[in-house]
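Structure first, commentary second.
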Amino acid sequence: MERGSFQLAAELGEVRLLLCPHGHFAANAETLREDQASCPTCGEKLAQSRGIEVGHTFYLGTKYSSVCNAVFYSPENKPQLAEMGCYGLGVSRILAASIEVLSTEDSIRWPSLIAPFQLCFIPPKRGSKEEEEEGAALLEQLYQQVAVALPHLGSEAVLDDRTHLTIGKRRKDAEKLGYPYVLIAGKRVCEDPPVFEVWDQNAGEVLFLTKEGVVELLSKVQVP
Ligand SMILES: [Zn+2]
């Protein structure tokens, strides 16, 4: 039976791949003849890479349609057996491969399309100066503003209300869980207008933004 596979290029992948640098052709090295070293379309030398298999496809032909008599009528009105194929996606492999390819030593970075939640809100530590200055209420207003301006993100937010822990500890936990954006009521929330600390995990950078700035930043987030 013919079989094709979907590979995610990754250094630690278990499969050896040969690729055209211009994207015309890619194959599992084991399935190629020894002497095939160039792209069948453009003739460029094939480059070596490694891949993780995240899905596959099988050509079934008429193996099952012949048993079930699954026929259709051709333009000439003749009964013909359907040709069949099937696809399989390795859901847990896709998660593992995403972590392998995107994450850093101490943080998970999900593609936003598969992140379980897009946003993590971290209010001030209980008893801190920021809490006394109503940091928690300001962060809640920020959430409301985001949910009104970007309704698709309203259900994509988690509030880490373990306010007995420091902001730093909760931010570390948020990195390990892989929320694409972490929004913090930190020291500058006491400024006028309030400034929030926003970690863009996938870019690995921190931004200091007003409410309006946060909404503008998040307006580019895609969710399924
Ligand atoms: Zn090519």
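No value in this document is a laboratory result; all are computed from the given coordinates. Quick caveat: nothing in here was measured; it's all calculated off a predicted structure. Please note: Cβ atoms are built from the backbone with ideal geometry, for glycine as well, and neighbour counts cover all protein chains shown.
Here are the numbers for the structure shown:
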item: DSSP loop GluC sites (Glu not before Pro) with at most 15 other Cβ within 10 Å: longest gap in the chain; result: 106-190
item: Pairs of Lys in the chain closer than 17 Å at Cα, counting only those 8 or more apart or on different chains; result: 7
item: Added length on full extension, which subtracts the Cα-Cα distance from 0.36 nm per residue, VAL221 to PHE72; result: 49.2 nm
item: R0 of 45 Å, Cβ-Cβ distance VAL158-GLU30: FRET efficiency to nearest 0.05; result: 0.55
item: For ARG50, distant residues with modelled amide H under 5 Å away; result: ALA10, LEU17
item: Rg to Rh quotient for the stretch 119-218, alpha carbon positions, Kirkwood Rh; result: 0.92
item: Among LEU18, ALA115, GLY135 - extreme Cα towards positive end, dipole of the stretch 10-159, charges at beta-carbon; result: LEU18
item: Top of SER112, SER128, SER98 by mean-square fluctuation, Gaussian network on the chain, Cα under 10 Å; result: SER128
item: Sites matching chymotrypsin sites (Phe, Trp or Tyr not before Pro) across the stretch 14-89 that sit in DSSP coil, with at most 15 neighbouring C-beta atoms within 10 Å; result: TYR64
item: Estimated 222 nm signal from helices in the chain, with DSSP H stretches of n ≥ 4 weighted -39500 (n - 2.57), rounded to 500; result: -7000 deg cm²/dmol
item: Theoretical FRET efficiency, 1/(1+(r/R0)^6), r = Cβ-Cβ of LYS176 and GLU140, R0 25 Å, to 0.05; result: 0.55
item: Rg to Rh quotient for the stretch 3-102, alpha carbon positions, Kirkwood Rh; result: 1.13
item: Mean separation of Cα contacts under 8 Å (6+ apart) over length of the chain, as relative contact order %; result: 16 percent
item: Virtual spin-label span in nm between SER92 and ASP200, 7 Å along Cα→Cβ; result: 3.5 nm
item: Cα-based Rg and Dmax for the chain, where Dmax is the largest Cα-Cα distance (Å); result: 25.5, 82
item: Inter-site label distance for VAL15 and ARG50 at 7 Å from Cα along Cβ, in nm; result: 1.5 nm
